[in-house]
Number of protein chains: 2
Amino acid sequence: MLEAVKVGVLGLGTVGSGAASILQRNADEIARRAGRGICISIACVRDLKKQRDCDIAGMTLTADPEKVVSDPDVKIVLELMGGTDDALKLVLMAIDHGKHVVTANKALIAFHGNEIFQRAQDKGVAVAFEAAVAGGIPIIKALREGLAANAILWLAGVINGTGNFILTEMCDKGRDFDEVLKEAQRLGYAEADPSFDIQGTDAAHKLTILASVAFGVPLQFEKVHTEGITGISGIDVAYASELGYRIKHLGIARRTDSGLELRVHPALIPCSRLIANVDGVMNAVIVKADALGQSLYYGPGAGAEPTGSAVVADLVDVVRALTTDPENRVPHLAFQPDSLSDIPVLSIDEVYTAYYLRIHVLDRPGVLADVTRIFAAHKISIEAIIQKEQDARAASVPIIILTHRVNEKNMKGAIAEIEELDVVTSRITLIRLETLI
Amino acid sequence: MLEAVKVGVLGLGTVGSGAASILQRNADEIARRAGRGICISIACVRDLKKQRDCDIAGMTLTADPEKVVSDPDVKIVLELMGGTDDALKLVLMAIDHGKHVVTANKALIAFHGNEIFQRAQDKGVAVAFEAAVAGGIPIIKALREGLAANAILWLAGVINGTGNFILTEMCDKGRDFDEVLKEAQRLGYAEADPSFDIQGTDAAHKLTILASVAFGVPLQFEKVHTEGITGISGIDVAYASELGYRIKHLGIARRTDSGLELRVHPALIPCSRLIANVDGVMNAVIVKADALGQSLYYGPGAGAEPTGSAVVADLVDVVRALTTDPENRVPHLAFQPDSLSDIPVLSIDEVYTAYYLRIHVLDRPGVLADVTRIFAAHKISIEAIIQKEQDARAASVPIIILTHRVNEKNMKGAIAEIEELDVVTSRITLIRLETLI
């Protein structure tokens, strides 16, 4: 057997320790697959004395990351330090030293992937990032290789475990957002500053990457329309459930004749769809492709070992490609770099989707006529309209409306007009509704 | 761009036409991914004059398969003719001519894969077979590459669309097996001779392949314990549903300390599991892996374009690997050929699982005591025991029993003894119950 490939690691935190533990525990299994061993020879850590969750015997520990990226014995650098500034600098240094790179850093790829891949191409090295999206689910590989025959039409994913845990608890147990968020923080699912998760930024990083490998477009994080889950209230979760829907936080990328939709927001999904039943911290991505039709990929979206699983799978891929000429490797973004598409990204106003609306009105004759007249004027066709029972304490009655697919700009115009009506007592709640067919 | 790679096809039936249509329709998309075009230059068909479901312009049609496998311009041979004898002969000839091979033929791989892969290794060519299992779902790639970091613990799949269609209709609509089978035949889901599907042979072919790439064992079709769905009656589907379970036809491969379980049979699955809700002709495979945990892969398990999607994805992979030295390609069975495991396959008597039993007894005092005494004597622990209402027309009462996990041999011993009891009026119905945790 060939000698083991030496790997240098930047960061031995949760994911780094997970990857190291897997490489140690499954060393035989991995060598049986890859045809040679893979071992971490050097790791950069901030605190050299800190206790680690993995066995560090055989590793040189250093506090100097440049030692890792320039180590002549190291063939592959694992970037697991997080953040974007230092990570970018070190990844580019590693590439300049002719190292291949494996990273789990979604923000790094979403923001700087175009630059990183260009540099890697110039230097003839590979940069792999399966762990950056949906933890251990091999979704990048599925899109980039498994579905290579297809024109991808759209994809939709539950790609933030923290947000999905919160929505699942709200939906299944009728709990409040704030209470569940506190529990998620206690359980370690959510950070002390949970804004990246609950405001959708984390999902937008991942969607940026998914869209690029699905459609062969450059990474365009700044063009993703991003809404979080902080506006979702228990009452909408309950009404959605009554109507046969569950609310999930989705990342959606869709190719239309006029451009690409890139959007992250909560959405009602029919309960009968598998993805509506992806609960807790699990992730799933549905892909609609022209030849295959719909396929779905489900698994743990975070955690030391699930993410480590994706990191080590990338290592095995890179080890196999060490002797491949760069032109014959799978391109970083699935499509040859000179064949990326410049299809424009649509603004949210240009998106077509269905909607759930909750409108609070005074219980007077003619209210429904006023509301439906405005919808008709904006060419919005209504699928269902349900007047709920009046809350004894409230002066107003909630009306729930489900619409057919319509242009978002029309919808906003209608809502503005309806909110002007005297009988409408508060701001209208609007949640998109996706049938995912 | 490099010149297009020429492919020779054996068989332009459903899957062949599907693959050809995809290669034509998505030619640009595929070239943008692969870095070069892929085109079918020659195809062997039985009837040269038959109308085809794909555009045959640019293809030489021949009735002589040897012309395809020996064509000097052809780099890759697509074997889509089905059957095992001629297919084996032609695939080996293609390999001997230095051609790479892509096949959708599960029976061929399950029966002759070991020989084919050995020959391919000797000749330094690749044989790809993603389309042989679960249609267009990239499950072979997921197991072989996406989960390469993991020791796979078990996998369980709904991998026969016809059988799943029948069970879904029985479960959702209370329809009879025979009636649904006839409809499946009318819809083209089931063959005129449906025995391969309903007796589990097709699923056993696929399970054989899945187990090999999951555990790195040789293909051992003859060791798969195979039961079909012909013994499932509407009454058991209904009782299972009342108890919160759905009956699915599963292929299960599990690594235990004493050996490998390889079994295809119907099973009760808790309704809350995603795979219990995989309906109609769709397929899904759950994989439990040591680092990743559970992941699931779902999609269309059959059909011209879904299967063609997997065939063409394999073509793209092979095209990319044309210049790779053979030692660095992904091994055919995921593990290096000299590192396959000789872990023994367990007989069904050695398997541990839970059970659902339906026992018809005379409604007399002491019956339950007799039955439970026998279970206790065979070390079988009971999870639930439910006496159903007596059928007015019948002299007997059905008792439904759910057991905890137990060795199958013990269970058979207990059943034989219980069937000897005077109060037991008919053969006991036994269906395995899988919690898939």
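Averaged across the residues of B:134-141, what count of C-beta atoms belonging to other chains lies within 10 Å of each residue's C-beta? Spell out each step's value before the answer.
On the way: counts 1, 3, 9, 6, 11, 3, 1, 5.
Rounded to a whole number, the mean comes out at 5.
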Would you work out the charge dipole size for the stretch B:99-253 about its Cα centre, treating the Cβ of every Lys and Arg as +1 and the Cβ of every Asp and Glu as -1, and quote it to the nearest 20 debye?
660
Straight-line reach check, B:K6, cutoff 15 Å on alpha carbons, 8 or more apart in-chain or any other chain, hits among aspartates and glutamates -> B:D71, B:D73, B:E79, B:D314, B:D317
Let me check against my output: what whole-number percent is the relative contact order of chain B, with C-alpha pairs under 8 Å and at least 6 apart?
16
In nm², the average projected area of the convex hull spanned by the Cα atoms of the stretch A:139-300 is 9.4
Given the C-alpha centroids of the stretch B:357-379 and the stretch A:120-143, what is the distance between them in whole angstrom?
57
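To one decimal place, what orientation-averaged projected area in nm² is obtained for the convex hull of the Cα set of the stretch B:349-433? Write out the running numbers ahead of the final one.
Details: hull surface 20.1 nm².
For the stretch B:349-433, the mean projected area of the Cα convex hull comes to 5.0 nm².
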Return the single residue from A:P138, A:P266, A:P344 with maximal mean-square fluctuation; model: Gaussian network over chain A, springs between Cα atoms under 10 Å.
A:P344
Shortest-first nm distances, B:H404 label point to equivalent points in other copies (7 Å, Cα→Cβ)
5.7
Which of B:V316, B:V397, B:V91 fluctuates most in a GNM of chain B (C-alpha springs under 10 Å)? That residue is B:V397
Could you pull the copy-to-copy label distances for B:G174, with points set 7 Å along Cα to Cβ, in nm to one decimal and sorted shortest first?
3.1
Checking the cross-link filter: which aspartates and glutamates have an alpha carbon closer than 19 Å to that of B:K223, excluding same-chain neighbours under 8 positions apart?
B:E115, B:D197, B:D202, B:D257, B:E261, B:D342, B:D349, B:E350, B:E408
How many nanometers, to one decimal and shortest first, lie between the label point of B:D338 and those of its other copies, if labels sit 7 Å from Cα toward Cβ?
4.1
So, for the Cα atoms of the protein assembly as shown, Rg and Dmax in Å stand at 28.5, 84
With Cα springs under 10 Å, the Gaussian network model of chain A assigns the largest mean-square fluctuation among A:M93, A:M170, A:M282 to A:M93
Please go through the residue pairs A:K106/A:K248; A:K288/B:K67; A:K206/A:K288; A:K50/B:K141; B:K50/B:K123 and name each one whose alpha carbons sit more than 27 Å apart in this structure.
A:K288/B:K67; A:K50/B:K141; B:K50/B:K123
In cubic angstrom, how much convex hull volume per residue do the alpha carbon atoms of chain A span?
144
From the Cα centre of the stretch A:218-268 to that of the stretch B:249-320, the distance in Å is 29
Less than 16 Å apart at the alpha-carbon level, and either on another chain or at least 8 residues along: which aspartates and glutamates does that give for B:K49?
B:D64
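As a check on your grasp of the helix formula, calculate [θ] at 222 nm for the protein assembly as shown: sum -39500 (n - 2.57) over DSSP H runs of n ≥ 4, divide by the residue count, round to the nearest 500.
On the way: 26 runs with 296 residues, N = 874.
Result for the protein assembly as shown, helices only: -10500 deg cm²/dmol.
Any read-out appearing in this document is the output of simple, stated calculations on the displayed coordinates, not a laboratory observation. Bear in mind that the values here come from a model prediction, so they are computed numbers and not experimental data. Counting neighbours? That spans all protein chains shown, and the Cβs are built from the backbone with ideal geometry, glycine included.
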